[in-house]
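The values are calculated or read from the model by the stated rules, or taken from the named source; none is laboratory data. Keep in mind that what you see is a predicted model, and the values were worked out from it rather than measured. Here the Cβ positions follow ideal geometry from the backbone for every residue, glycine too, while neighbour counts run over all protein chains shown. Calculation scope for accessible area: heavy atoms of the full protein, side chains included, ligands and nucleic acids excluded. Shrake-Rupley method; radii C 1.70, N 1.55, O 1.52, S 1.80 Å.
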Amino acid sequence: MRMTAEKGCNGIVKRLLGENYCRWFEFCETPGEEDFYRISWEDGKVRIQGRNGVSMAAGLNYYLRHFCHVYLGQQTMQNRMPEKPVRPEEPITRKAFSPIRYAYNYCTLSYTMPFWDRNRWQRELDWLALCGVNLVLDFTGIEEVWYQFLSRLGYSEEEIQRWIVGPCYTAWQQMQNMEQFGGPVPRQFFADRAGLARENQQWMISMGMMPVRQGYGGMVPSWHGKKFKDMVVYPQGEWNGLVRPAMLDTESEEYQRYGELFYQIQEQVLGSGSHYYAADVFHEGGIRPKTLTDDAIGEMVLRTMLKHDEKAVWVVQAWRENPTKELLSGIGRVGREHGLILDLSATDNPEWEKSEFEGTPWIYCMLDMYGGRVATHGEPEVLAKEIPKARKNSKHMKGIGFTSEATLHNPIVYDLLFDMAWEKEPLDLEQWLRTWLTSRYGRFVEKAFHAWKRLLDTVYKNPGYSHHGGYTQIFTFRPRMDMDYGEIFNELNSSVIKRPYYDIEKLEEAVFLLAETREELGQEESWQYDMQDLLRQVLNNRACGLALEARDAWREGRISDYREKTEAFFTLFDACEGLMSIRKDTTLGDWLNYAKESGRPYGEETERLFVRDAKMLITTWAGEKTYGSLADYAYRQYDGLLGQYYRPRWEKF
């Protein structure tokens, strides 16, 4: 039986608040041309109407925050409900000024959720629905699609298992960056992941949340040309020392045949219901064939999509040189309404301002947490002011979204981002903060409010250049004798320590002021989360200064001072690891446990394989081949990792 949007919303209430509270609400899906929600009081219940499930869920979130002081966040919850429903004095109707609310980068699914199970995914989907998100990149289960596709082409099971990468690296295979790494993965794992994807996507579609599935850009194994010698296949070189998959000639009959087969199999595996497909040709490199132009590639990739699905929309990441003007021209020859460009880092580096992607519809995105690297930072003021301004100054902006390489950090910017979808004008950030904190902590505490105002003037007043990970997290920095402060950070292996963009003493004042609310708020999960994260940043800031002072003492031969500074540095190091042990999700054990549990049903060998890959991704990335280019790219300040991996490195230095 198909799940209705009303049942979907009741499911959110049941899971996050408790079954008894389902009696408080009446959800009513109501047709309309635009996404909206309406909150009213009918027959002793809170009635929430909306165009679809995510609109109603966004209305539920608004009611809970503003009337019940309840917070249902991505990382934490404060779900103490009042004794009885709070009656709105008059109906509240709000419409979405951003028709599309988008979530995820390819990288997000590998850096954050490569081993999530159904329950963990449902928690995330509930949060996305509450945020009103209606377009979600999801390539879960893509392994089964590739398995069946390559089987139909004549590949053996052994060849396919050798080619498909492990779960930690799926994102980069789908972006045509790599192959043959992190496996071989058992055949049954592919089928089980496809089953998970079907469950997730059926729920999403029933709520009006469309999954963005994988598009076909001509990718084939790098040895495809040797296996089928009569076919035109273009090698694509390497990406960070790893062999890239090859690419078919998109103007060939084989490409059209392969593309049609790929989309048919994907629909058979995952089901129908979505019309969005993501594909990035020449992502971060590749070799453009001399006989193929970008406009020809763009035209044929889109025509192949449309042959399978006449409503298809090609989702393209605006990243580095892509999409080229020529590729956009090829899309335009078919129909610009069938293209959708993600301006990946519009908050810091808005590409749309150049030409609005030649008139192709686009989304204003926030790009954060490169590699999942933690740092307390963000730019709430930019979100509150620039999103409405971009709408007014553009003709083709269709929505907003986040394209962070990882997630589960800096919740203030994600909550604010999606609130801006329902705001026409720039937001009064101070008033928004007051409401946000009251729901997040369950009550308004003046001192906490003033502490957060100071945070907005320091660590959350990011000028943009440090969104790669904020101010340097010194404990995970690769120590060098020539390390020093710098204004920019170009290379992971450089000696540059990013200069803080705020007064670190003022940040400490704000954190200590928030700490003074422990008696009132210390039992709140969100307060504990915030204090842990802020104190981690304070410890890194202080330790950074000590590391440079120790360096100077060594250079100048002040051995006593060197030992004193070094001892103080390691005291802070150990304090940070202890701090990270407070929450389960900031421990190495939690990260590895997801890998263990995912691999366990397939035997000890697969369990060890998944754990190995999970360790490798957040340290060397992919072993020796990427050590010079990507090692520490995805560093984590986990309890267990700090003491077992990073501390010994500093000790040897």
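Observations on the model:
- Apolar share of the accessible surface for the range 310-414: 46 percent from carbon plus sulfur atoms, 1.4 Å probe.
- Other residues whose C-beta falls under 11 angstrom from the C-beta of I287 contribute a net charge of +2, scoring Lys and Arg +1 and Asp and Glu -1.
- Pairwise centroid distance, computed over Cα atoms, of the range 393-433 with the range 41-62, Å: 21 Å
- Heavy-atom accessible surface of the range 508-587: percent carbon and sulfur, 1.4 Å: 49 percent
- Every helix of 4 or more DSSP H residues in the chain counts as -39500 (n - 2.57), and over all residues that averages to -14000 deg cm²/dmol at 222 nm.
- Most positive-pole-ward Cα, Q148, F228, L588, against dipole of the chain from beta carbon charges: Q148
- Rounded if a/c under 1.5, otherwise prolate or oblate - the chain, Cα gyration tensor axes: oblate
- The range 523-600: GluC sites (Glu not before Pro) in DSSP coil with no more than 15 other Cβ atoms inside 10 Å: E556
- Other residues whose C-beta falls under 13 angstrom from the C-beta of D138 contribute a net charge of +1, scoring Lys and Arg +1 and Asp and Glu -1.
- Nearest-20 debye value, the range 580-653 charge dipole, Cβ charges on Lys, Arg, Asp, Glu: 180 debye
- Inter-part distance, the range 284-361 to the range 567-624, computed on C-alpha centroids, equals 38 Å.
- By the rule of a C-alpha distance below 19 Å, with chain neighbours fewer than 8 residues away ignored, the aspartates and glutamates paired with K506 are E379, E381, E430, E446, D457, E516, D530, D533.
- Residue by residue, the range 602-618 carries 3J(HN,Hα) couplings of 9, x, 4, 5, 5, 4, 5, 4, 5, 5, 4, 5, 5, 5, 5, 4, 8 Hz when phi is fed to the Karplus relation 6.51 cos²θ - 1.76 cosθ + 1.60 (θ = phi - 60°); x denotes Gly or Pro.
- Remark: relative contact order (the range 216-295) = 33 percent; criterion is Cα-Cα distance under 8 angstrom and separation of 6 or more residues.
- Rounded, prolate or oblate (a/c below 1.5 giving rounded, otherwise prolate when a/b exceeds b/c) for the range 476-623 by Cα gyration tensor: oblate
- Length-normalised contact order for the chain - Cα pairs under 8 Å, 6+ apart - percent: 13 percent
- Using θ = phi - 60° in the Karplus curve 6.51 cos²θ - 1.76 cosθ + 1.60, the 3J(HN,Hα) couplings for the range 204-219 round to 4, 5, 5, 8, x, 10, 8, x, 8, 9, 6, x, 10, x, x, 5 Hz; x is entered for Gly and Pro.
- Think of each Lys and Arg Cβ as +1 and each Asp and Glu Cβ as -1; about the Cα centre, that makes the dipole of the chain roughly 560 debye.
- For K424, the lysines whose Cα falls under 21 Å of its own Cα, not counting residues fewer than eight places away in the same chain, are K95, K385, K389, K392, K395, K398.
- When +1 charges are put on Lys and Arg Cβ atoms and -1 charges on Asp and Glu Cβ atoms, the dipole computed for the range 230-367 relative to its Cα centre reaches about 60 debye.
- Proximal charge balance of L427 [Cβ under 14 Å; K/R count +1, D/E count -1]: -3
- Accessible area of the range 175-257 belonging to carbon and sulfur atoms, whole % at 1.4 Å probe: 48 percent
- The overall shape of the range 56-113 is oblate: from the C-alpha gyration tensor, with semi-axes ordered a ≥ b ≥ c, the ratio a/c is 1.5 or greater and a/b is no larger than b/c.
- Filter on K226/K625; K226/K354; K7/K84; K229/K311 - keep pairs with C-alpha separation over 32 Å: K226/K354; K229/K311
- Heavy atoms of the protein chains alone define the surface here; on that basis the chain has 39 Å² accessible area per residue at 1.4 Å probe size.
- Mean separation of Cα contacts under 8 Å, 6 or more apart, over the residue count of the range 77-181: relative contact order %: 30 percent
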